[in-house]
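A short write-up of the structure that comes next.
The values are calculated or read from the model by the stated rules, or taken from the named source; none is laboratory data. Everything numeric in this text was worked out from a predicted model, so none of it was measured. Note that we place each Cβ from the backbone using ideal geometry, even for glycine, and neighbour counts take in every protein chain shown. Side chains are part of the model used for accessible areas, which takes the heavy atoms of the whole protein and leaves out ligands, DNA and RNA. Shrake-Rupley method; radii C 1.70, N 1.55, O 1.52, S 1.80 Å.
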Amino acid sequence: MSKRVAVILSGCGVHDGSEPHETTLTLLRLDQLGIGYRCFAPDIEQRQSINHLTDEPMPEEARNVLVESARLVRGEIASLETLDPGEYDGLVLPGGFGVARNLSDFAEAGSDMSVLPLLRDKVMPFFESGKPIGLMCIAPVLVPRLLGQAIPITVGQDAGVAGAISSMGGLHKSCSVEDVVIDREHRVITTPAFMLTDRISEAAKGIFKLVDKLVEMMD
């Protein structure tokens with residue numbers, strides 16, 4: 001496995017962390033293609049914990065993003081602080097509302113959002129060196145603030161999130177669940193995944209395509 005991809009997670013669970021199916025499908029496709037990977041997450045407290053049975057906040061329960069992310073990947077994960085972009089050929093950010101609650105404050109601030117400074121510090125070297133970056137589901141909402149460019153991206157067909165992206169100077173493109181939006185100039189790939197479907201088989205089509213395109217760009 002000569003090529004390696006860094007995968008940045010934001011917790012465990014669609015409502016307050018990384019989306020489990022999107023994470024697993026990403027890792028599955030990388031492994032099928034013979035691409036090495038390593039998962040990372042910030043060692044910080046979650047802004048909010050959610051009961052995934054009721055979708056209600058759990059204000060009495062504190063959760064750590066790194067500890068929760070470890071649930072998804074059998075403990076094979078490291079603190080985001082230790083990520084050395086020079087050791088990896090590409091980067092993937094799965095979705096899940098942890099992106100909007102832990103990697104940024106989009107859940108509360110909308111288009112006035114800010115991005116976790118540590119995330120920017122680790123992602124920008126990939127972008128500046130032309131290494132491909134893939135984002136799925138809600139994660140593309142980070143792009144205008146994270147990369148600071150009018151880069152074509154997609155969250156599918158969600159008018160509210162698309163409007164927020166536009167308000168931040170981003171360029172949203174409508175997209176079906178099985179497809180991707182590619183900015184070849186900036187080497188950014190996005191797909192809607194579970195922003196557009198509840199079926200894992202449908203989300204897999206776009207996620208696999210994103211990973212395939214990412215790997216092609218690493219050659």
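Heavy-atom surface analysis with a 1.4 Å probe gives the chain a carbon and sulfur content of 47 percent of its accessible area. Taking label points 7 Å from Cα along the Cα-to-Cβ direction, Arg199 and Leu118 give a separation of 3.9 nm.
The slack between Glu61 and Glu128, meaning 0.36 nm per residue of separation minus the straight C-alpha distance, is 20.3 nm.
Within the chain, the whole DSSP H helices whose Cα atoms reach 15 Å or more along their own axis and whose mean Kyte-Doolittle score is at least -1.0 are 20-32, 117-128, 200-218. Across the alpha-carbon set of region 101-162, the Rg to Rh ratio works out to 0.94, Rh being the Kirkwood radius. Taking the chain as a Gaussian network of alpha-carbon nodes connected by springs under 10 Å, the highest mean-square fluctuation of the residues Leu53, Leu25, Leu146 belongs to Leu53. Taking the Cα centre of the chain as origin and assigning +1 to Lys and Arg Cβ atoms and -1 to Asp and Glu Cβ atoms, the resulting dipole is close to 540 debye. Given their separation in residues at 0.36 nm each and the Cα-Cα distance between them, Asp31 and Ser167 gain 45.2 nm when the chain is fully extended. Rolling a 1.4 Å probe over the protein heavy atoms gives the chain an accessible area of 42 Å² per residue. Structural descriptor for the chain: relative contact order 20 percent, calculated from alpha carbon pairs under 8 angstrom and at least 6 residues apart.
Among 169-178, 76-85, the peptide with the highest mean count of other Cβ atoms within 10 Å heads the list, and the full ranking is 169-178, 76-85.
Evaluated with a Cβ-only charge set (Lys, Arg +1; Asp, Glu -1), region 89-219 carries a dipole of roughly 60 debye about its Cα centre, given to the nearest 20. Placing unit charges on the Cβ atoms of the charged side chains and taking the dipole of region 103-158 about its Cα centre, the candidate lying farthest along the positive direction among Ile151, Ser114, Gly130 is Gly130.
At q = 0.11, 0.21 Å⁻¹ the log10 of I(q)/I(0) for region 1-124 amounts to -0.35, -1.20, computed by Debye summation with a single uniform scatterer per C-alpha, solvent ignored. Place a point 7 Å from Cα of Glu76 in the direction of its Cβ. Which residues in region 1-38 have their backbone N less than 16 Å from it? Backbone N within reach: 1-9, 23-38. Listed options for Rg/Rh (Cα atoms, Kirkwood Rh) are (1) 1.07; (2) 0.93; (3) 0.97. The value calculated from this structure is the one marked (2).
In the chain, helical runs assigned H by DSSP with n ≥ 4 each contribute -39500 (n - 2.57); averaged across all residues and rounded to the nearest 500, the mean residue ellipticity at 222 nm is -9500 deg cm²/dmol. Taking amide H positions as modeled 1.01 Å from N, with prolines and chain starts lacking one, the residues under 5 Å from Tyr37 and 5 or more places away or on another chain are Val5.
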